[in-house]
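Structure first, then comments.
A short reminder: the numbers here are calculations on the coordinates, not readings from a lab. None of the values given here were measured: they were computed from a predicted structure. When we count neighbours, we look across all protein chains shown, and the Cβ atoms used for this are built from the backbone with ideal geometry, even at glycine.
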């Protein structure tokens, strides 16, 4: 077993509520990134592995769309910009993944901090992110207005903040979404570190970038500093110990299966068709 690399020791909260796994990944492809989040969620749902905080980046720009979001128009714009589209299993609106740190939290849906449902989980996790951003010099705040449906029919997740999401300078700097199974919960989100304004406006329309904030607007701190700060805040805020440990048996196989059968499949990514994919996973005993 290997202790967390953050500070050269395991990351431990002051009031212990459990042992969690920490993953700090190298940049990955869009299908791989989404497959890994889902595999960890499915594993915990099936009683394998530990609750997990995962930090990762994207090898090249990609758009992730929400589970039930229409992707046809976005896909045309993405093709014109040379950007891949992938569909998340979580809800919400589209995110352009580029120059960012993505986090994912997979945990027991019955965790005492999340007993108030979706909003309770958003608030608990967002407070950790706010603390980490403040640690590196960003005056981040928790939005106390809006609702889970904020943004209406707009394509972009970052159009307006929902309640308990993270803002800086009055604009959204983190976009998050959730998926709950019976026993396990996934929340993942994009922490904008930089901004390619031309690409953002090309994908979401003129002026879209003006509604967003990003870390490098407010601080000269590096992404590596944020990668160190966030696990510390999660450990403290959720009262857990984070350790870098080996994945449970079967996780890598499931990741590869999901990467190819779901997240490299246009039937899922563009149309949202799920039945054939789910049938294939069940036939494989997953």
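Quick notes
- Peptides 86-95, 130-139, ordered by how many other C-beta atoms sit within 10 Å of their residues on average, highest first, read 86-95, 130-139.
- Label separation (residue 224 vs residue 46): 3.7 nm, computed from points 7 Å beyond Cα along the C-beta direction.
- Most to least packed among 239-250, 178-189, 163-174 [average Cβ atoms within 10 Å]: 163-174, 178-189, 239-250
- Approximate spin-label separation residue 183-residue 116, in nm, with each point projected 7 Å along Cα-to-Cβ: 2.7
- Note on residue 256/residue 67: beta-carbon distance plugged into 1/(1 + (r/R0)^6) with R0 of 30 Å gives a FRET efficiency of 0.85.
- Gain in span if fully extended, residue 145 to residue 273, counting 0.36 nm per residue against the direct Cα distance: 42.7 nm
- Amide N of the range 162-203 lying under 17 Å from the label point, which is placed 7 angstrom from the Cα of residue 216 along Cα→Cβ: 173-174, 191-201
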